[in-house]
Amino acid sequence: MSLINRLDARAADFDAALTQLLAYDASQDESIESTVRDILHDVQSRGDAAVLDYTARFDHVQATQLSALEIPRADWQAALDGLPADQRAALQAAAQRVRSYHERQRADTWTYTEPDGTLLGQKITPLDRVGLYVPGGKAAYPSSVLMNAIPAKVAGVPELIMVTPTPGGTRNPMVLAAAALGGVDRVFAIGGAQAVGALAYGTQTLPAVDKIVGPGNAYVAAAKRRVFGTVGIDMIAGPSEILILADGSTPADWLAIDLFSQAEHDELAQAILLCPDAAYLDAVYAAIERLLPGQPRAHILRTSLAKRGALIHTASLRQACEIVNRIAPEHLELSVQDPQALLPHIRHAGAIFLGAYSSESLGDYCAGPNHVLPTARTARFSSPLGVYDFQKRSSLIQVSKAGAQTLGRIAAVLATGEGLHAHAASATLRLDP
């Protein structure tokens with residue numbers, strides 16, 4: 001079996017081959033759905049008691065009150081202070097860069113006044129309370145804390161509640177340190193579908209939130225999907241993706257490792273390279289063959305690359321751009337000498353990394369833009385997580401007496417045409433005799 005699929009965009013069967021490569025079965029496991037449904041119903045019914053029962057069963061953490069599972073702020077600060085100097089400095093630098101970037105996204109209230117005195121506009125307000133789910137144990141991601149918490153606080157969210165499981169009572173110090181740096185307000189040592197239910201419905205101890213963000217396992221994803229509507233959610237993320245468009249000017253080893261950087265997430269992750277230079281694709285294949293055995297997660301890489309990875313020979317860079325838009329990747333690297341020349345041709349991608357030195361991994365941790373990105377072709381219609389996900393808009397309409405004379409007549413005609421006569425009367429009552 002080849003280490004990675006080889007496709008030719010000029011071949012007659014390429015469309016079918018690409019469709020098959022991109023196919024991803026997002027159907028839900030019925031056993032997971034059933035379990036999550038029961039847990040959510042139980043949490044909604046019994047509140048704290050249900051959360052405590054599931055925490056004892058799944059995380060082996062015993063407590064008689066949910067308040068005992070709230071981690072004091074002093075512990076977060078102690079975790080930050082206790083980090084090795086290099087880790088603390090890296091977290092602080094990343095937090096500063098993420099904050100600086102997201103401060104530019106903040107929207108403001110605006111209004112304008114028409115000649116007759118009618119005022120129209122938009123009022124921006126932050127969400128009141130947000131819940132942040134953070135995986136715990138070995139799968140702990142302090143970078144995700146920063147990427148979710150900081151935009152919420154920049155948006156002005158007054159209360160941000162973080163939940164994170166602590167299997168066997170083990171707390172991840174970098175996650176707690178990131179909570180301290182990210183502006184989190186409260187932290188509870190709970191996880192799984194029960195934590196999502198607690199955030200969505202509220203319990204005797206944990207107040208209900210307006211939106212839940214953050215990654216999690218299949219049970220967490222299923223729970224978020226089920227509570228959507230009661231609360232908002234960020235997105236349901238699919239497997240990680242990287243698509244690299246190259247012109248052959250970047251060292252082959254660099255791009256082999258860049259492909260590994262996403263393929264190592266799990267066996268369903270997707271890593272694809274597009275290039276019009278066949279010899280360069282051969283060089284990247286050789287680099288993969290040489291570098292793969294030394295990778296700590298080689299067993300995952302082999303499965304991911306063989307099943308869902310590809311090196312694709314294109315007729316031109318322009319054809320490669322068309323394929324990019326069809327795939328609409330989570331991460332796109334334009335590893336070419338003049339990436340700005342290609343940028344106008346790219347319509348669909350979660351994050352775009354321009355030039356050979358812009359590796360995707362920098363975006364994951366510290367470049368500044370958010371690493372919570374649309375996957376599974378949803379970049380066609382959705383965007384990275386940002387400040388705008390924690391703000392909402394209210395329309396402002398202050399109609400003057402003069403304005404009511406014009407607008408009232410227009411509204412009355414349209415309302416009558418729709419058969420809504422009270423609507424028409426409401427508008428015409430304000431007309432001058």
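The values are calculated or read from the model by the stated rules, or taken from the named source; none is laboratory data. Computed from a prediction, not measured in an experiment: that's the story for all the values here. Reconstructed Cβ throughout: ideal geometry from the backbone, glycine too, with neighbour counts over all protein chains shown.
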May I ask you to say which residue of Thr35, Thr55 is buried (at least 18 other Cβ atoms within 10 Å of the Cβ), hydroxyl-bearing (Ser, Thr, Tyr) and in a helix (DSSP H, G or I)? Thr55
Inside the stretch 81-91, can you point out the residues that are touching a Pro at 6+ places or on another chain (Cβ under 8 Å) and hydrophobic (A, V, I, L, M, F, W, C)? Leu83, Leu91
Any idea which of Leu343, Leu274, Leu268, Leu301 is at pLDDT below 95 and either of a type in the set (A, V, I, L, M, F, W, C) or more than 24 Å from Asp364 (Cα to Cα) (or both)? Leu268
Is there a residue being in contact with a helix residue (DSSP H, G or I) (Cβ under 6 Å, 6 or more places away or on another chain) and either at pLDDT below 95 or closer than 26 Å to Pro384 by Cα (or both) anywhere in the stretch 283-291? no
State whether the residues of the stretch 86-93 include one that is within 30 Å of Gln194 (Cα to Cα) and assigned to a loop (DSSP other than H, G, I, E, B). no
Provide a single number: the residues in the stretch 193-221 that are among the small types (Gly, Ala, Ser) and either at pLDDT below 95 or in a strand (DSSP E or B) (or both). 3
Cβ-Cβ below 8 Å, separation at least six or inter-chain, first residue in the stretch 62-82 and over 19 Å from Ala177 (Cβ atoms), second of a type in the set (A, V, I, L, M, F, W, C) and surrounded by fewer than 15 Cβ atoms within 10 Å (Cβ to Cβ): which pairs? Gln62/Ala56; Ala63/Ala56
So Asp234 ticks every box in (1) under 30 Å from Gln295 (Cβ atoms); (2) crowded, with 18+ Cβ neighbours inside 10 Å but one. Which box is left unticked? (1)
Of the residues that sit in the stretch 39-51 and are farther than 11 Å from Thr203 by Cα and aliphatic (A, V, I, L, M), which one is surrounded by the fewest Cβ atoms within 10 Å (Cβ to Cβ)? Leu40
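One line per residue, one yes/no per condition, for (1) on the phi > 0 side of the Ramachandran plot; (2) assigned by TED's automatic domain parsing to the domain that holds Leu22; (3) of a type outside the set (A, V, I, L, M, F, W, C):
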{"position": "Arg171", "(1), (2), (3)": "no, no, yes"}
{"position": "Leu181", "(1), (2), (3)": "no, no, no"}
{"position": "Arg186", "(1), (2), (3)": "no, no, yes"}
{"position": "Gly202", "(1), (2), (3)": "yes, no, yes"}
{"position": "Ala218", "(1), (2), (3)": "no, no, no"}
Residue under evaluation Val134, criteria (1) at pLDDT 95 or above; (2) exposed (fewer than 13 other Cβ atoms within 10 Å of the Cβ), criterion not met: (2)
Out of curiosity, is Leu281 within 28 Å of the chain's Cα centre (by Cα) and under 28 Å from Gln319 (Cα atoms)? no
Which residues, taken from the stretch 67-120, are under 21 Å from the mean Cα position of the chain (by Cα), farther than 20 Å from Arg171 by Cα and of a type outside the set (Gly, Ala, Ser)? Gln96, Arg97, Val98, Arg99, Tyr101, His102, Glu103, Arg104, Gln105, Arg106
For residues that are touching a residue at least 60 places away in the same chain (Cβ under 8 Å), part of a helix (DSSP H, G or I) and surrounded by fewer than 16 Cβ atoms within 10 Å (Cβ to Cβ), tally how many sit in the stretch 1-32. 0
Does Leu342 satisfy the criteria of being in contact (Cβ under 8 Å) with a residue 40 or more places away in the chain, more than 14 Å from the chain's Cα centre (by Cα) and under 18 Å from Ser261 (Cβ atoms)? no
Matching option when the condition is hydrophobic (A, V, I, L, M, F, W, C) and assigned by TED's automatic domain parsing to the domain that holds Leu255, among Ala89, Ala93, Ala17, Ala78: Ala17
Restricting the search to the stretch 315-347, which residues are over 21 Å from Leu281 (Cβ atoms) and basic (Lys, Arg)? Arg347
Filter pass, Leu66 being closer than 30 Å to Glu322 by Cα and surrounded by 12 or more Cβ atoms within 10 Å (Cβ to Cβ): no
Which one is nearest to the chain's Cα centre (by Cα) among residues in the stretch 284-310 that are over 22 Å from Ile327 (Cβ atoms), crowded, with 16+ Cβ neighbours inside 10 Å and touching a residue at least 40 places away in the same chain (Cβ under 8 Å)? Arg302
Sort out which residues of the stretch 354-392 are under 26 Å from Arg88 (Cβ atoms) and acidic (Asp, Glu), and write them in order of number. Glu360, Asp364
Select from the stretch 145-172 the residues that are assigned to a helix (DSSP H, G or I) and at pLDDT 95 or above and list them in ascending order. Val145, Leu146, Met147, Asn148, Ala149, Ile150, Pro151, Ala152, Lys153, Val154, Ala155
Looking only at the stretch 99-110, decide whether some residue is assigned to a helix (DSSP H, G or I), out of contact with any helix residue (DSSP H, G or I) (no Cβ under 7 Å at 6 or more places or on another chain), modelled with pLDDT of 95 or more and surrounded by 18 or more Cβ atoms within 10 Å (Cβ to Cβ). yes
